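First comes the structure, then the notes that go with it.
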Amino acid sequence: MKVKMLSRNPDNYVRETKLDLQRVPRNYDPTLHPFEVPREYVRALNATKLERVFAKPFLASLDGHRDGVNCLAKHPKSLATVLSGACDGEVRIWNLTKRKCIRTIQAHEGFVRGICTRFCGTSFFTVGDDKTVKQWKMDGPGYGEEEEPLHTILGKTVYTGIDHHWKEAVFATCGQQVDIWDEQRTSPICSMTWGFDSISSVKFNPIETFLLGSCASDRNIVLYDMRQATPLKKVILDMRTNTICWNPMEAFIFTAANEDYNLYTFDMRALDTPVMVHMDHVSAVLDVDYSPTGKEFVSASFDKSIRIFPVDKSRSREVYHTKRMQHVICVKWTSDSKYIMCGSDEMNIRLWKANASEKLGVLTSREKAAKDYNQKLKEKFQHHPHIKRIARHRHLPKSIYSQIQEQCIMKEARRRKEVNRLKHSKPGSVSIVSEKKKHIVAVVK
């Protein structure tokens, strides 16, 4: 007679050391786990609630400027170095890890209108109200040396913005026209203009590096090609665009920050319709910057708040504000995609987490596993009404909240008027214009 023996391999259940976790045999057959989905739902709900409890995005405030912060620039090689220009002509270089100012330069008389770093990180350029473009060394002067710029170019008109080429020793300035400069020369290589109004901002494309975009006060966004030394095409919007920012991952996509409280993401191959209209601000949008991943961007507004938008969504996923923060003039997303900096006109630079509830510092393997598991649970149940409501809810200052309510009433009134006009008109005489096309006046090539 054969006797069947139970044979078990100790390797499957015995711990190697006392510090190891106990190994638990799991049977994943769904019939054995009838309450798996309700259990997961409760876990997802708790994870969503905890995420809101631990959402503490504000990290630090860098104070030292004696006037409003007008522009920010990132160092291309160092994550800890940030440059800022103020309305009194002062430029400061900050160390983010120490949260201290490491160098102060009185660069211009009047506003510092723009600041940008060279692609190698050895020097940086500033433009100001005194009609000059100055190049400065990134490292401070040696012992006993004076703080002097490497080069100074005196122009004919006030420059309102500057940006450096991503790969070559070339930079662009804007004012009455867009000028392309070689670093070794004191006169521009070429000047491009289309229209007569002043140009407020110019940006080089990080991928197709010969392309650049500018926005002017006559409501235009103009695209140029440096190789042809001519403008390519322009799109005219309802209201003025303050600045644009190119997507660092998709060569043809850029986002424009507009005075009509919206942001418009365009594909430069089809400018007649924006890819997406991003609506949530209640005042003019003054600056925009993309995350290095190209999936999200951050916008700064006159309504004293900054918002984070996913590229493919029309509503923001996050809004940051503090009682002390006034009109936010400039904003930057750091190159490691973890932090956001904003400069406002009450003289402070603020540092925020890009992900409000993220835990800073080194995570253990168990913490990482729990974080990933919770993230998957939240994604699985994200459309459940209760979880969706908790995840979406944000506390807003009273001023912003009341303006949102007011704008909802106005929008509803406009919609009602359009419906009535359509109802009482001859069929085909009134055309329905989509939200995307409403704000585009014309595209000129």
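Listed values, structure above:
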item	result
Residue that is most open to solvent (accessible area, probe 1.4 Å), among those in the range 119-146 that are under 18 Å from A80 (Cβ atoms) and assigned to a loop (DSSP other than H, G, I, E, B)	D139
Flag if T293 is in a loop (DSSP other than H, G, I, E, B), among the hydroxyl-bearing types (S, T, Y) and either closer than 17 Å to E346 by Cα or in contact with a Gly (Cβ under 6 Å, 6 or more places away or on another chain) (or both)	no
Within the range 220-239, considering residues that are surrounded by fewer than 22 Cβ atoms within 10 Å (Cβ to Cβ) and charged (D, E, K, R), the one farthest from A251 (Cα to Cα)	D238
Members of the range 349-382 that are open to solvent by less than 30 Å² (accessible area, probe 1.4 Å) and either of a type in the set (V, I, T) or not in a helix (DSSP H, G or I) (or both)	I349, R350, L351, W352, K353, A354, A356, F381
Scope the range 83-118; condition closer than 16 Å to D345 by Cβ and either open to solvent by 30 Å² or more (accessible area, probe 1.4 Å) or in a strand (DSSP E or B) (or both); matching residues	S84, G85, A86, D88, E90, R92, G110, F111, V112, R113
Some residue of the range 377-397 being on the phi < 0 side of the Ramachandran plot, in contact (Cβ under 8 Å) with a residue 12 or more places away in the chain and polar (S, T, N, Q)	no
Candidates K380, K398 - the one that is closer than 30 Å to Q22 by Cβ and not small (G, A, S)	K380
Residues within the range 285-299 that are under 17 Å from K74 (Cα atoms) and in contact with an Asp or Glu (Cβ under 9 Å, 6 or more places away or on another chain), tallied	6
Residue that is nearest to Y41 (Cα to Cα) [pool: residues in the range 372-401 that are touching an Asp or Glu at 6+ places or on another chain (Cβ under 9 Å) and of a type in the set (A, V, I, L, M)]	L377
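The values are calculated or read from the model by the stated rules, or taken from the named source; none is laboratory data. The shown structure was predicted, so the numbers you read here are calculated from the model rather than taken from an experiment. Backbone-built Cβ (ideal geometry, glycine too); neighbour counts: all protein chains shown. Accessible surface is based on the protein model in full, side chains and every heavy atom, while ligands, DNA and RNA are left aside. Shrake-Rupley method; radii C 1.70, N 1.55, O 1.52, S 1.80 Å.
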